[in-house]
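The values are calculated or read from the model by the stated rules, or taken from the named source; none is laboratory data. Quick caveat, the model's predicted, so the values are computed rather than measured. Positions of Cβ are backbone-derived with ideal geometry, glycine not excepted, and every protein chain shown enters the neighbour counts. Surface accessibility is based on the protein's heavy atoms, side chains included, excluding ligands, DNA and RNA. Shrake-Rupley method; radii C 1.70, N 1.55, O 1.52, S 1.80 Å.
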Amino acid sequence: MRNYIPFDKNAIPERFEIDLAEESFFLEINYNEIGDFFTIDLFNADEEPLVLGEKLRLGIPLWSDVPNPNLPAPTLIPLDQSGKEIRVTFDNFDETVFVYIDDVGDEDEL
């Protein structure tokens, strides 16, 4: 079973510290009302920016196109495990769409 990162979409912009693979990072989530989408900023433990403005796209791992060895080891991925949604919106975020920590190994999925 995958763990997800709880966000409070009603408290956006929201910034908090999170431990991923025994490393500390800061995440900040923002919402664009005009485009109805969310972005995440990633900072290291010293609060230096690693990636800014990463758009949450359903089923696409965060930072998958960013070649940076300082990124978190586990993959973070917005998913709708019910299979009902086609994109991340304000209405479905943290309702049916969650940002999961994809640390489930192949042996766990069997």
Between residue 62 and residues 5 or more places away or on another chain, the pairs with built amide H atoms under 5 Å apart involve 76, 77
In nanometres, the difference between 0.36 nm per residue of separation and the alpha-carbon distance of residue 47 and residue 87 is 11.5 nm
For the chain, the convex hull over Cα atoms projects on average to an area in nm² of 7.4 nm²
Measuring from its Cα centre, the chain shows a charge dipole (+1 at each Lys and Arg Cβ, -1 at each Asp and Glu Cβ) which, in debye to the nearest 20, is 460 debye
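Quick one: work out the % antiparallel among DSSP beta bridges in the chain, nearest 5.
Taking every DSSP beta bridge within the chain, about 95 percent pair in antiparallel fashion.
Enter the accessible area per residue of the chain (Å², integer; probe 1.4 Å; all protein chains in place).
60 Å²
Share of the chain's accessible area from carbon and sulfur, percent, 1.4 Å?
On the way: 3030 of 6600 Å².
That share works out to 46 percent.
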With every protein chain kept in place and a 1.4 Å probe, the residues 96, 39 fall, from largest accessible area down, as 96, 39
Among 90, 6, 45, the residue whose Cα sits farthest towards the positive end of the charge dipole of the range 5-110 (+1 at Cβ of Lys and Arg, -1 at Cβ of Asp and Glu, taken about the Cα centre) is 90
